[in-house]
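Colleague: One structure is given below, represented as structure tokens, and several questions about it will come after.
Just so it is clear, none of the values below were taken in a lab; they were calculated from the coordinates. This is a predicted model, so every value here is computed, not measured. For neighbour counting, all protein chains shown are included, and Cβ atoms are generated from backbone atoms with ideal geometry for every residue, glycine included.
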């Protein structure tokens with residue numbers, strides 16, 4: 001048996017042993033891919049960027065419940081357009097045992113207030129652009145209707 005195959009078998013045995021308990025506290029990369037709809041490539045990128053730090057058995061990644069929770073936060077933040085750098089900063093504020101939770105909340109309050117203000121400004125710009133386009137559309141539509149009634153125009 002090759003070394004890679006041995007490590008893979010060991011990883012599967014490790015996962016099975018921990019899943020058989022009531023907690024189910026460990027996950028393989030395939031588990032997370034299937035459950036959360038993320039690609040394995042994305043998970044490896046998040047690991048490379050220091051956002052996740054799974055245990056390794058050979059080449060297999062073993063994710064804890066904490067890793068899974070972090071991945072859920074990463075995916076949610078990415079969906080809101082947050083950069084990986086900002087996500088990492090937020091996750092790093094937590095600390096080893098949650099001692100940085102207050103700092104995390106302050107960070108979120110500050111950044112969400114900024115994002116809301118930015119989006120409201122963009123919405124205002126969009127409303128202005130939409131009003132202009134509606135005016136142009138209406139004017140052109142009216143002129144076209146007039147030309148259809150009187151082709152000499």
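Colleague: Using label points projected 7 Å from each Cα along Cα→Cβ, tell me how many nm separate residue 48 and residue 126, to one decimal.
Modeller: 3.3
Colleague: Quick check on the exposure proxy: order 46, 137, 107, 90 from fewest to most C-beta atoms within 10 angstrom.
Modeller: 137, 107, 90, 46
Colleague: Hey, any idea what Rg/Rh is for the stretch 105-153, computing Rh the Kirkwood way over Cα pairs?
Modeller: Here the Rg-to-Rh quotient is 1.50.
Colleague: Taking the Cα-to-Cβ direction at residue 101 and at residue 31 and moving 7 Å from each Cα, how far apart do the two end points lie in nm?
Modeller: 2.5
Colleague: Working out 0.36 nm times the residue gap between residue 109 and residue 134, then minus their Cα-Cα distance, what length gain in nm do you get to one decimal?
Modeller: 5.3 nm
Colleague: So the label point goes 7 Å from the Cα of residue 89 along Cα→C-beta, right? Which residues of the stretch 105-141 then have their backbone N under 16 Å from it?
Modeller: 105-116
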